[in-house]
Amino acid sequence: GESVGLHLPTLSVQEGDNSIINCAYSNSASDYFIWYKQESGKGPQFIIDIRSNMDKRQGQRVTVLLNKTVKHLSLQIAATQPGDSAVYFCAENKGSSYKLIFGSGTRLLVRP
Amino acid sequence: DTAVSQTPKYLVTQMGNDKSIKCEQNLGHDTMYWYKQDSKKFLKIMFSYNNKELIINETVPNRFSPKSPDKAHLNLHINSLELGDSAVYFCASSQDPLPQGETQYFGPGTRLLVL
């Protein structure tokens with residue numbers, strides 16, 4: 001069956017350090033991937049996405065890496081700030097489907 | 001100027017009651033969604049409408065009935081509420097449905113507690 005999972009349920013980093021959040025997916029037919037950030041008491045917020053024809057995409061302070069060989073997705077946050085503290089979800093879509101399948105989430109805690 | 005809004009934000013009710021959650025988006029999007037997030041933060045799609053037509057109908061009890069009176073609104077009615085329905089329900093919208101890959105914008109959520 002399809003599944004999107006995360007290796008680390010909680011990640012604690014020092015303010016100013018870089019953060020790496022990992023995600024594994026099992027459906028090799030998935031061709032579109034998204035990272036969402038969910039702050040406490042709020043809805044998920046789009047961060048960055050990547051299609052399967054790319055292996056890296058950069059945004060402002062964030063980079064998403066896609067390794068299709070091992071079905072692995074990661075989100076890198078540079079110079080992590082207290083405002084980055086949240087739960088991060090990866091999500092995948094298979095090209096023939098309307099559905100976005102979410103992973104179980106990783107909580108990022110930023111220590112001052 | 002809220003993009004995706006939901007009402008109510010909190011809903012506490014007794015088992016067996018019927019309740020509705022409302023969602024409105026002012027982004028001009030054609031596609032709207034309902035997601036359920038359980039106590040472990042797992043987020044799962046329930047329904048999706050595109051241009052008022054149902055395009056996703058996941059394995060959800062038929063006590064849940066979505067209704068889209070127009071493209072800007074998607075409501076969720078729940079009959080005979082059960083304890084297991086307690087969760088946070090998120091509405092979302094996007095310009096087009098996947099697999100075009102349009103970004104989904106989420107509302108603030110409705111926290112439902114069934115006693």
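Overview of values
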read-out: Unique residue being in a strand (DSSP E or B) and within 19 Å of A:Gly105 (Cβ to Cβ) when the list is B:Phe90, B:Phe47; value: B:Phe90
read-out: Unmet requirement for B:Ser80, which otherwise passes all of (1) modelled with pLDDT under 90; (2) over 14 Å from the mean Cα position of the chain (by Cα); value: (1)
read-out: Out of B:Glu58, B:Glu53, sole residue that is within 24 Å of B:Gln100 (Cα to Cα), modelled with pLDDT under 95, in contact with a strand residue (DSSP E or B) (Cβ under 7 Å, 6 or more places away or on another chain) and of a type in the set (Asp, Glu); value: B:Glu58
read-out: Filtered residues of the range B:80-115 (kept if of a type in the set (Phe, Trp, Tyr) and within 10 Å of chain A (Cβ to nearest Cβ)); value: B:Phe90, B:Tyr105, B:Phe106
read-out: Residue within the range B:20-35 that is free of Cβ contacts under 8 Å to residues at least 60 places away in the same chain, in contact with an Asp or Glu (Cβ under 6 Å, 6 or more places away or on another chain) and not in a loop (DSSP other than H, G, I, E, B) present; value: no
read-out: Residue within the range A:62-69 that is under 30 Å from B:Glu58 (Cβ atoms) and part of a loop (DSSP other than H, G, I, E, B) present; value: yes
read-out: Residue satisfying all of: in the range A:17-32; more than 14 Å from chain B (Cβ to nearest Cβ) and not in a strand (DSSP E or B); least open to solvent (accessible area, probe 1.4 Å) among these; value: A:Ser26
read-out: The range A:65-112: number of residues that are out of contact with any Asp or Glu (no Cβ under 7 Å at 6 or more places or on another chain), of a type in the set (Val, Ile, Thr) and closer than 23 Å to A:Ser40 by Cβ; value: 2
read-out: B:Ser80 open to solvent by 30 Å² or more (accessible area, probe 1.4 Å) and out of contact with any strand residue (DSSP E or B) (no Cβ under 9 Å at 6 or more places or on another chain); value: yes
read-out: Single unsatisfied condition, A:Leu6 versus (1) touching a Phe, Trp or Tyr at 6+ places or on another chain (Cβ under 6 Å); (2) over 22 Å from B:Ser48 (Cβ atoms); (3) within 14 Å of chain B (Cβ to nearest Cβ); (4) at pLDDT below 95; value: (1)
read-out: Residue tally, condition within 11 Å of chain A (Cβ to nearest Cβ), under 10 Å from B:Ser93 (Cα atoms) and open to solvent by less than 10 Å² (accessible area, probe 1.4 Å), over the range B:24-54; value: 3
read-out: All positions within the range B:61-71 that are outside any strand (DSSP E or B) and at pLDDT below 95; value: B:Pro61, B:Asn62, B:Lys71
read-out: In the range A:33-45, the residues that are in contact (Cβ under 8 Å) with a residue 12 or more places away in the chain and either exposed (fewer than 13 other Cβ atoms within 10 Å of the Cβ) or under 18 Å from B:Lys44 (Cβ atoms) (or both); value: A:Phe33, A:Ile34, A:Trp35, A:Tyr36, A:Gln38, A:Ser40, A:Pro44
read-out: First in the range A:91-112 and on the phi > 0 side of the Ramachandran plot, second anywhere and of a type in the set (S, T, N, Q), Cβ under 9 Å, 6 or more apart; value: A:Gly105/A:Gln38
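Here's the yes/no breakdown for (1) open to solvent by less than 60 Å² (accessible area, probe 1.4 Å); (2) within 12 Å of the chain's Cα centre (by Cα); (3) facing another protein chain (nearest Cβ under 9 Å):
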site: A:Thr63; (1), (2), (3): yes, yes, no
site: A:Leu66; (1), (2), (3): yes, yes, no
site: A:Val70; (1), (2), (3): no, no, no
site: A:Ala78; (1), (2), (3): yes, no, no
site: A:Pro82; (1), (2), (3): no, no, no
site: A:Ser85; (1), (2), (3): yes, no, no
site: A:Ala91; (1), (2), (3): yes, yes, yes
site: A:Val110; (1), (2), (3): yes, no, no
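The values are calculated or read from the model by the stated rules, or taken from the named source; none is laboratory data. Note that this is a predicted model, so its numbers are computed, not measured. All Cβ positions, even for glycine, are placed from backbone atoms using ideal geometry, and neighbour counts span all protein chains on display. The accessibility values were calculated without ligands, DNA or RNA, using every heavy atom of the protein model including side chains. Shrake-Rupley method; radii C 1.70, N 1.55, O 1.52, S 1.80 Å.
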